[in-house]
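Report on the structure given below.
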Amino acid sequence: RNMTTAELREAFLGYFGQHGHQRVDSSSLVPHNDPTLLFTNAGMNQFKDVFLGQQDNGYTRATTSQRCVRAGGKHNDLDNVGYTARHHTFFEMLGNFSFGDYFKEEAINFAWTFLTEELQLPKDKLWVTVFEDDDEAADIWINKIGVNPERLSRIGAKDNFWQMGDTGPCGPCTEIFYDHGEHIWGGPPGTPEEDGDRYIEIWNLVFMQFNRQSDGSMEPLPKPSVDTGMGLERIAAILQGVHSNYEIDVFQDLIKHIANKLNVSDLEHASLRVIADHIRSCAFLISDGVLPSNEGRGYVLRRIIRRAVRHGNKLGAEAPFFYTLVGKLIEVMGSAAKELAPQQASVEKALKAEEEQFARTLDRGMALLNGALDNLAGDTLDGETVFKLYDTYGFPVDLTADVCRERNIKVDQDGFESHMAAQRARAQAANQFGTDYNEAIKVDGASEFCGYSKLEQTGLVQ
Ligand code: ATP
Ligand code: MG
Ligand code: MG
Ligand code: MG
């Protein structure tokens with residue numbers, strides 16, 4: 001079947017609606033009630049307390065299309081954008097949820113029926129994984145569903161034990177992959193080549209059974225539950241007969257629009273994909289209440305905007321352009337933009353201000369960086385230059401690293417950190433009682449996000 005992204009979103013919610021699931025709106029990208037989470041990263045976030053048995057919404061089955069951002073914290077795909085066919089910083093996650101209602105067998109059955117009957121995907125292109133110890137799930141797949149055992153593999157906790165963060169609801173999962181064909185490099189899940197883009201994970205079904213505590217121990221949840229997540233853009237790619245998410249209707253419309261604005265003729269240019277991705281996360285983050293700043297969530301947003309602006313600069317943009325993409329974005333996102341649309345003007349304004357501010361130092365910073373790279377001996381850019389770009393020209397480290405990566409060069413992260421530490425010490429000496437803003441910039445580049453409680457106490461996070 002061929003379907004637009006909008007039709008697919010509707011087909012999913014409709015299917016689960018028919019099977020007794022309450023249709024619930026996407027929640028905000030800012031998880032206001034959860035200090036352990038940077039941004040909403042999965043459909044289950046808004047139901048965390050329901051899984052924990054601390055909240056009763058009056059239904060035991062729900063379905064959503066949840067906007068998600070994975071650009072920091074436990075799930076961070078920022079550096080994959082522009083490099084893989086399947087990762088965005090912002091994407092929509094389709095999900096069905098059972099709160100102590102159905103469990104493994106029905107969850108697997110729903111997913112399989114939706115994919116193979118509603119969407120009519122060929123069964124022999126679907127591969128599945130289960131958590132290594134989960135004999136029950138393996139048995140359901142092979143004996144009840146009839147999946148060829150050659151297309152099922154058992155995987156360890158890294159990929160098949162899902163958790164939203166360092167604490168909170170978690171459990172073993174089973175994942176469904178789609179084989180895009182031999183012409184694309186990559187191996188099936190569980191093989192050394194799995195990170196290629198031939199076998200793409202489309203749906204993750206999590207059997208929520210535990211609540212991970214901050215000391216690492218796991219408490220059983222009051223009732224075994226189900227949380228699933230399927231990337232809307234990934235399943236749309238399959239139904240539209242394309243390999244990359246960036247080739248689906250929503251992205252192509254956006255990419256053509258950007259190419260037109262910037263007078264770029266090569267529609268395959270990776271920078272177009274990056275900009276198309278980043279306008280989605282940035283516009284939706286701002287409409288959900290985040291503003292560019294030097295700490296916490298706002299700093300993650302600032303980093304994404306600056307990366308996008310740098311890619312525009314690479315494509316030859318001479319004037320602020322990023323903020324002008326919001327209108328087209330609203331148009332292509334359809335019903336998913338219903339909260340963004342009324343805020344178009346204020347989102348544009350915030351983006352424009354950030355873009356103009358960065359534009360003042362971008363050219364000079366790029367000249368410095370390119371000069372340093374041209375004269376580089378070895379394969380690593382020194383920490384002092386990385387720090388100078390950060391401190392004087394407003395280049396977040398990951399932006400510098402992004403430029404370097406295009407030329408196969410690494411940045412000296414440790415060297416940068418020691419310059420930061422020295423600056424911090426100078427600032428502290430100068431102002432014994434001031435707030436240490438640099439402390440909050442720690443999210444930068446780090447893979448662990450340790451929670452906002454401290455920042456919230458100091459009033460740094462709005
Ligand atoms: P991958 O292994 O491909 O990075 P994941 O295992 O990290 O995906 P999950 O946490 O299981 O992803 O999320 C559920 C689903 O959401 C995935 O099966 C996928 O379809 C989709 N998804 C996850 N991350 C992204 C992303 N960055 N961009 C687009 N879709 C995503
Ligand atoms: Mg991932
Ligand atoms: Mg995965
Ligand atoms: Mg997964």
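The values are calculated or read from the model by the stated rules, or taken from the named source; none is laboratory data. Source: prediction; values computed, not measured. With ideal geometry, Cβ positions are generated from the backbone for all residues, glycine too; neighbour counts draw on all protein chains shown. Calculation scope for accessible area: heavy atoms of the full protein, side chains included, ligands and nucleic acids excluded. Shrake-Rupley method; radii C 1.70, N 1.55, O 1.52, S 1.80 Å.
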query: Is it true that some residue in the range 305-327 is part of a helix (DSSP H, G or I), buried (at least 17 other Cβ atoms within 10 Å of the Cβ) and in contact with a Pro (Cβ under 7 Å, 6 or more places away or on another chain)?
result: yes
message: I'd like the residue in the range 15-46 that is part of a loop (DSSP other than H, G, I, E, B), open to solvent by 50 Å² or more (accessible area, probe 1.4 Å) and modelled with pLDDT of 95 or more and, out of all such residues, is nearest to Ala111 (Cα to Cα).
response: His19
query: Can you name the residue in the range 402-422 that is surrounded by 20 or more Cβ atoms within 10 Å (Cβ to Cβ) and within 24 Å of the chain's Cα centre (by Cα) and, of all such residues, is farthest from Ala367 (Cα to Cα)?
result: Val411
field: Extreme residue, surrounded by the fewest Cβ atoms within 10 Å (Cβ to Cβ), among residues of the range 185-211 that are away from ligand 2 (no atom under 16 Å from the Cβ) and among the polar types (S, T, N, Q)
entry: Thr191
field: Residue satisfying condition, being within 16 Å of ligand 3 (Cβ to nearest atom) and within 20 Å of the chain's Cα centre (by Cα), within set Glu193, Glu175
entry: Glu175
message: I'd like to check something: does the range 69-85 contain any residue that is more than 16 Å from ligand 2 (Cβ to nearest atom), in a loop (DSSP other than H, G, I, E, B) and crowded, with 20+ Cβ neighbours inside 10 Å?
response: no
task: Scan the range 55-64 and give yes if some residue there is in contact (Cβ under 8 Å) with a residue 60 or more places away in the chain and away from ligand 4 (no atom under 16 Å from the Cβ), otherwise no.
output: no
message: Can you list residue pairs whose Cβ atoms sit under 8 Å apart, with the first residue in the range 409-429 being closer than 24 Å to Leu376 by Cβ and in contact (Cβ under 8 Å) with a residue 12 or more places away in the chain and the second being open to solvent by 50 Å² or more (accessible area, probe 1.4 Å) and among the polar types (S, T, N, Q)? Count only pairs 6 or more apart in sequence or on different chains.
response: Ile409/Thr380; Lys410/Thr380; Val411/Thr380; Asp412/Thr380
- prompt: Would you pick out the residues in the range 169-184 that are closer than 24 Å to Val242 by Cα, in a strand (DSSP E or B) and either away from ligand 2 (no atom under 16 Å from the Cβ) or not acidic (Asp, Glu) (or both)?
  reply: Ile176, Phe177, Tyr178, Asp179
- request: Identify, by number, the condition in (1) of a type outside the set (A, V, I, L, M); (2) crowded, with 16+ Cβ neighbours inside 10 Å; (3) more than 15 Å from ligand 3 (Cβ to nearest atom); (4) under 17 Å from Leu205 (Cβ atoms) that Trp162 doesn't meet.
  value: (3)
Residue list for the range 86-103, restricted to those being of a type in the set (Gly, Ala, Ser), closer than 27 Å to Ala6 by Cα and either surrounded by fewer than 22 Cβ atoms within 10 Å (Cβ to Cβ) or within 12 Å of ligand 1 (Cβ to nearest atom) (or both): Gly95
- prompt: Out of Glu150, Glu117, Glu132, Glu106, which single residue is among the acidic types (Asp, Glu), away from ligand 2 (no atom under 16 Å from the Cβ), touching a helix residue (DSSP H, G or I) at 6+ places or on another chain (Cβ under 8 Å) and open to solvent by 50 Å² or more (accessible area, probe 1.4 Å)?
  reply: Glu132
statement: Of the residues in the range 145-159, those that are of a type in the set (Val, Ile, Thr) and within 16 Å of ligand 3 (Cβ to nearest atom) come to Ile155
query: at pLDDT 95 or above, open to solvent by 10 Å² or more (accessible area, probe 1.4 Å), more than 16 Å from ligand 3 (Cβ to nearest atom) and among the aliphatic types (A, V, I, L, M), is that true of Ile142?
result: yes
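Yes/no per residue for (1) over 15 Å from Val130 (Cα atoms); (2) more than 12 Å from ligand 1 (Cβ to nearest atom):
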residue	(1), (2)
Gly165	yes, no
Pro169	yes, yes
Glu182	yes, yes
Trp185	yes, yes
Gly196	yes, no
Phe207	no, yes
Ser217	yes, yes
Glu233	yes, no
message: Condition check: assigned to a helix (DSSP H, G or I), open to solvent by 10 Å² or more (accessible area, probe 1.4 Å), under 30 Å from Phe110 (Cβ atoms) and of a type in the set (A, V, I, L, M, F, W, C). Does Ile238 satisfy that?
response: yes
statement: By residue number, the members of the range 47-67 that are farther than 13 Å from Met164 by Cβ and open to solvent by 40 Å² or more (accessible area, probe 1.4 Å) are Gly53, Gln54, Gln55, Asp56, Asn57, Gly58, Tyr59, Thr60, Arg61
Condition broken by Gly378, with the remaining ones in (1) open to solvent by less than 80 Å² (accessible area, probe 1.4 Å); (2) farther than 30 Å from Asp25 by Cβ; (3) part of a helix (DSSP H, G or I) satisfied: (3)
message: Just the residues that are within 16 Å of ligand 3 (Cβ to nearest atom) and farther than 21 Å from Cys173 by Cα, please, taken from the range 84-106.
response: Thr84, Ala85, His88
